[in-house]
Amino acid sequence: MHPLLRSVLPLTLCLSPALASALDILPGVWEVSSHNMQVGGQAMPGMQEMLAQLQNLPPEQRQMMEGMLAKQGVKLGAGGVQMCLTAEQIEAQEIPLHDPRSGCSNEILERSATLWKFRFNCPDAQGEGETRFLNDKEFTTRVKGTYNGQPSSMESTARWIGADCATLQR
């Protein structure tokens with residue numbers, strides 16, 4: 001697998017917003033696309049570049065990567081990483097936008113109907129961010145912190161794709 005994909009894709013999943021309260025967002029398939037990602041002052045490729053690089057992998061390596069993501073309930077979509085949020089998860093305030101086995105934790109520092117500020121701590125990354133809820137089908141997130149000891153930042157957009165999560169079932 002391309003070395004850049006080994007480091008950037010986990011960073012994208014780790015720094016994705018970790019939401020922790022019921023929201024007025026729709027259940028179903030959500031697609032998260034990251035952009036403006038920097039680590040150690042160096043620009044990292046955006047989601048479109050990463051998806052293009054994945055397309056160029058040999059079939060067996062691409063299947064291996066897709067299999068690893070599928071075990072986490074994640075699929076690569078046309079514009080980003082797709083995951084399912086069920087109505088029960090949203091209502092129970094258990095929105096798993098990172099792998100529960102990742103060792104990451106998060107804390108909501110401030111919460112309103114349209115803005116959440118949070119702190120996260122993962123084995124390789126830690127920092128703070130904010131999520132702005134634009135409507136029931138879209139939210140944006142900005143994160144700043146460190147990844148592998150280097151300053152990092154990222155922006156992401158999440159948009160609702162549809163209600164049927166069947167294509168993402170493990």
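The values are calculated or read from the model by the stated rules, or taken from the named source; none is laboratory data. Predicted, not measured: the structure shown is a model, and the values here were computed from it. Methodologically, a virtual Cβ is constructed for each residue, glycine included, from the backbone with ideal geometry; neighbour enumeration extends over all protein chains shown. Ligands, DNA and RNA are stripped out before the accessible areas are found, and what is left, the full protein with its side chains, is counted by its heavy atoms. Shrake-Rupley method; radii C 1.70, N 1.55, O 1.52, S 1.80 Å.
Numbers for the structure displayed
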item: Apportionment of accessible area to carbon and sulfur, the range 28-79, percent (1.4 Å); result: 51 percent
item: Table column - 3J(HN,Hα) (Hz), the range 74-91, Karplus curve with 6.51, -1.76, 1.60, x for Gly and Pro; result: 10, 9, 7, x, 5, x, x, 8, 9, 8, 9, 10, 7, 4, 5, 5, 5, 5
item: Average accessible area per residue (Å²) across the range 108-170 - probe 1.4 Å, nucleic acids and ligands excluded; result: 58 Å²
item: Per-peptide average of other Cβ atoms within 10 Å, ordering 42-55, 140-153 highest first; result: 140-153, 42-55
item: Potential lengthening between E138 and R119 on full extension [0.36 nm per residue; Cα-Cα distance subtracted]; result: 4.7 nm
item: Debye intensity ratio in log₁₀ form over the Cα atoms of the range 104-170, taken at each q of 0.20, 0.22 Å⁻¹; result: -0.89, -0.96
item: Percent of Cα-Cα distances greater than 20 Å, calculated over the range 30-170; result: 53 percent
item: Summed residue charge, Cβ within 9 Å of R142's Cβ, Lys/Arg positive, Asp/Glu negative; result: 0
item: Residue-wise HN-Hα coupling along the range 54-65, computed from phi with Karplus coefficients 6.51, -1.76, 1.60 (Hz; x: Gly, Pro); result: 5, 4, 8, 5, x, x, 5, 6, 5, 4, 4, 5
item: Accessible surface of the range 97-151 [probe 1.4 Å, protein heavy atoms]: carbon and sulfur percent; result: 45 percent
